[in-house]
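Working notes, structure below.
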Amino acid sequence: MPAGTRHLVVGRLRKPHGLKGDCAVFPLTDEPAEVFAPGRSVWVKSLAGEVVGGPLVIARSRPYHRQWLMAFEGHLHIDAVKPWSGHFLVADATRLRAPGPGEVYLHELEGFAVEDAGGTALGLVTAVVELPAGVTLEVQGRRREFLLPFLKRFVVEVDRERRRLVVVLPEGLVEE
């Protein structure tokens, strides 16, 4: 991956599928058909964040249950893809669709201001926590921190340009 290229995780490599180099990939993108389209390039990154393969050109791909099966040009045998199991697929951020109005990448949320519908400042997002029940925001408020589920019923507006969230808090979540 060229130095300075910003990349985003788009999938997790599960295991080889068959003998012809197909891999089962769990998508971590809302647009897997576009991101995993034949001819697109991806890289393989380890859990430590090191690039261990790529750029890889997708030779073929198709949905398979909740996953995708894909193969990469020049790596069309099970032995070529076996070492990548458990690693991540990343893509050049400039080649992905930018978030639309009211959308944001989760990694961007740290530092967002949190305010209520009346414009009262409630705190700053200090962490994004992924729990089995969904994404939760850790917000440092005036007196203490609190956890806020990242759900439409609580986060009613996402202003990516101004880096702020407008929220409706559940009763009793924040002490006055």
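The values are calculated or read from the model by the stated rules, or taken from the named source; none is laboratory data. Given the structure is predicted, the values throughout are model-derived calculations rather than measurements. Glycine also receives a Cβ, built like all others from the backbone with ideal geometry; neighbour counts cover every protein chain displayed.
Condition check ((1) at pLDDT 90 or above; (2) within 16 Å of the chain's Cα centre (by Cα); (3) exposed (fewer than 15 other Cβ atoms within 10 Å of the Cβ)) across all residues:
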position	(1), (2), (3)
F26	yes, yes, yes
P32	yes, yes, no
I58	yes, no, no
G100	no, yes, yes
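Condition test on P132, is it over 27 Å from R6 (Cα atoms), within 16 Å of the chain's Cα centre (by Cα), outside the structural domain of F36 (by TED's automatic domain parsing) and not β-branched (V, I, T)? Explain how you work it out, then say what you get.
Values: over 27 Å from R6 (Cα atoms): yes; within 16 Å of the chain's Cα centre (by Cα): yes; outside the structural domain of F36 (by TED's automatic domain parsing): yes; not β-branched (V, I, T): yes.
Criteria met by P132.
Is it the case that G100 is within 30 Å of R162 (Cα to Cα) and either outside the structural domain of L151 (by TED's automatic domain parsing) or in contact with a helix residue (DSSP H, G or I) (Cβ under 6 Å, 6 or more places away or on another chain) (or both)? Spell out the reasoning first.
Working: within 30 Å of R162 (Cα to Cα): yes; either outside the structural domain of L151 (by TED's automatic domain parsing) or in contact with a helix residue (DSSP H, G or I) (Cβ under 6 Å, 6 or more places away or on another chain) (or both): yes.
Answer is yes for this residue.
Look through V44, V125, V52, V57 and report the one residue that is more than 20 Å from P27 (Cα to Cα), aliphatic (A, V, I, L, M), free of Cβ contacts under 8 Å to residues at least 60 places away in the same chain and in a strand (DSSP E or B).
V125
I need every pair where a residue in region 88-111 that is closer than 23 Å to R40 by Cβ has its Cβ under 7 Å from the Cβ of a residue that is surrounded by fewer than 17 Cβ atoms within 10 Å (Cβ to Cβ) and modelled with pLDDT under 85, sequence separation at least 6 or different chains.
D92/T5; A93/R6
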